[in-house]
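Visitor: Here's a structure for you.
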Amino acid sequence: MADAKVIPFDDDRSRSGSASRPARRRTGAGSGGGRGNGSTAPVSALPGGRLPESPSDGAEGAQDPQRPQEEAVGGVGAPADAGGGWDRRIAGGLAFLRRRVTGDYEVDEFGYDKELTDQVLMSALRPLADKYFRVEVKGIENIPSDGGALIVANHSGTLPLDGLMLQVAVHDNHPAERHLRLLAADLVFHLPVVNELARKAGHTLACAEDAQRLLELGEIVGVMPEGFKGIGKPFGDRYKLQRFGRGGFVSTALRAGAPIVPCSIVGAEEIYPMIGNAKTLARLLGFPYFPITPTFPWLGPLGAVPLPTKWTIQFGEPIPTDGYPPEAAEDPMLMFNLTDQVREQIQHTLYKLLVQRRSVFF
């Protein structure tokens, strides 16, 4: 079987197999919460008694015997909050399922499903980022709050978990909760199940046409120019950046006038230490490489569990491109210089983070 082919990022050919899907309108669904609105009927004084004090009358009002009952009805107290929260969650989940079954949701021209990404995919990845890899994010302020930007990061880890963790890091740490649209190789869109999930999560083919279109729409686009050379390199070459190609990502950023944000990821190199490559088996399966690690394939499926390394993701100072003339995108010397500048900045930051970290796992 032929080797898997990586589509060059600077390839100007049109996308294949990515026909536009018409956006479907999603109607707003109620979030449940059928509890009372917190208002209660006027309380009359009992014969020979007096009206209870209102909360505004002082701290003594909080001790009034009417308060627990009132809170239970109005949803003010902790027990009612817990019940109301579960009611809202159940109602929201049922509304979500109803929209999925009836098709009453939206996807963009690339197949991106924001609702599914937010409520399902990101929720599934978040514990892996927060609890397992304990990702620490630095320099998030270097990502603009609006408008397009191109995040360029190193690629490593044998399996592309670094791209998914980068997606979670941008969304969960940016004040505007921006979504990262990753550019992926054609192999991703040839794998069953993975193909559909990648489209739904906002990933698209790594070609200049798609990248420029997303940047012009004001999206945050992520690219890892090392490709399979970076993710499939042996463990002995960890944190040594591979070739960045011919600078296609720089040309795309110049055409769109979008800033380039260098990104350095430490911790992904050690999740699957690649000590060998079964090239014959890789050719038979159509993969660019077939990794051999200290645990895989010796431990079977258990060997596919990544090691719980401690991750750091740092976003560097953005490199503006809007000051260049339109013809700059065709200048090979400028593209080479900017590509080298981005690569050197990422490599320098990697070395700095490696010196600062105490341990691979802590």
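Visitor: Compute the separation of the alpha-carbon centres of segment 290-362 and segment 184-198 and state it in Å as a whole number.
Guide: Going from one Cα centre to the other spans 22 Å.
Visitor: In nm, to one decimal, how far is the residue 145 label point from the residue 197 one, both placed 7 Å along Cα→Cβ?
Guide: About 3.5 nm, to one decimal.
Visitor: If you don't mind, there's one more thing I want to ask. Take the alpha carbon gyration tensor of segment 86-221, find the square roots of its eigenvalues, order them as a ≥ b ≥ c, and report rounded if a/c is under 1.5; if not, report prolate when a/b exceeds b/c, else oblate.
Guide: Details: a/c = 1.44, a/b = 1.22, b/c = 1.17.
In terms of gyration-tensor shape, rounded.
Visitor: Within segment 101-183, list the trypsin sites (Lys or Arg not before Pro) lying in a DSSP loop whose Cβ has at most 16 other Cβ atoms in a 10 Å radius. Could the numbers behind the result be given before it?
Guide: Working: sites: 114, 131, 134, 138, 178, 181; in loops: 134, 178.
Those that pass, being in a loop and sparsely packed, are 134.
Visitor: If DNA, RNA and ligands are ignored and the probe is 1.4 Å, what is the ranking of 166, 285 by accessible area, most exposed first? If you can, show how the numbers build up before the last one.
Guide: On the way: 166 5, 285 80 Å².
Largest accessible area first, the residues go 285, 166.
Visitor: Checking the a/c ratio against 1.5 first, then a/b against b/c, what shape does the Cα gyration tensor give for segment 165-295?
Guide: Prolate.
Visitor: Once label points are set 7 Å from the Cα along Cα→Cβ at both residue 299 and residue 358, what is their separation, rounded to one decimal in nm?
Guide: Output for this residue pair reads 2.5 nm.
Visitor: Check each of the chymotrypsin sites (Phe, Trp or Tyr not before Pro) in segment 79-180 and keep only those in coil by DSSP with at most 16 other C-beta atoms within 10 angstrom; list them in order. Before the final figure, lay out each step's value.
Guide: Values: sites: 86, 96, 105, 110, 112, 132, 133; in loops: 105, 110, 112, 133.
Listed in order of number, the matching sites amount to none.
Visitor: Would you grab the residues whose amide H sits under 5 Å from the one on residue 202? Only those 5+ places off in sequence or on another chain, please, with H modelled 1.01 Å from N.
Guide: Answer set, sorted by chain and number: 113.
Visitor: Give me the three principal axis extents of segment 271-362 from the C-alpha atoms, as integers in angstrom, largest value leading.
Guide: 55, 40, 16
Visitor: Over 27 Å between C-alpha atoms is what I'm after, so list which of 200/233; 279/352; 229/310; 114/138; 310/352; 233/310 land there. Show your work: numbers first, answer last.
Guide: Values: 200/233 29 Å; 279/352 34 Å; 229/310 23 Å; 114/138 25 Å; 310/352 16 Å; 233/310 20 Å.
As for pairs spanning more than 27 Å Cα to Cα, those are 200/233; 279/352.
Visitor: Show me, for segment 271-281, the HN-Hα J-couplings you get by feeding each phi into the Karplus relation (A = 6.51, B = -1.76, C = 1.60, θ = phi - 60°), rounded to Hz, glycine and proline as x.
Guide: 6, 9, x, 8, 9, x, 9, 7, 5, 5, 5
Visitor: Right, another one. If each of residue 285 and residue 209 carries a label point 7 Å out from its Cα toward its Cβ, how far apart are those two points in nm?
Guide: 3.2
Visitor: Looking at segment 219-297, I'd like the Rg to Rh ratio, where Rg is from alpha-carbon atoms and Rh is Kirkwood's inverse mean 1/r.
Guide: Details: Rg = 15.5 Å, Rh = 14.7 Å.
Ratio value, two decimals: 1.06.
The values are calculated or read from the model by the stated rules, or taken from the named source; none is laboratory data. If you're wondering where the values come from, they're calculated on a predicted model, not measured in any experiment. Please note: Cβ atoms are built from the backbone with ideal geometry, for glycine as well, and neighbour counts cover all protein chains shown. Quick note on the areas: whole protein, heavy atoms, side chains included, nothing else; ligands and nucleic acids left out. Shrake-Rupley method; radii C 1.70, N 1.55, O 1.52, S 1.80 Å.
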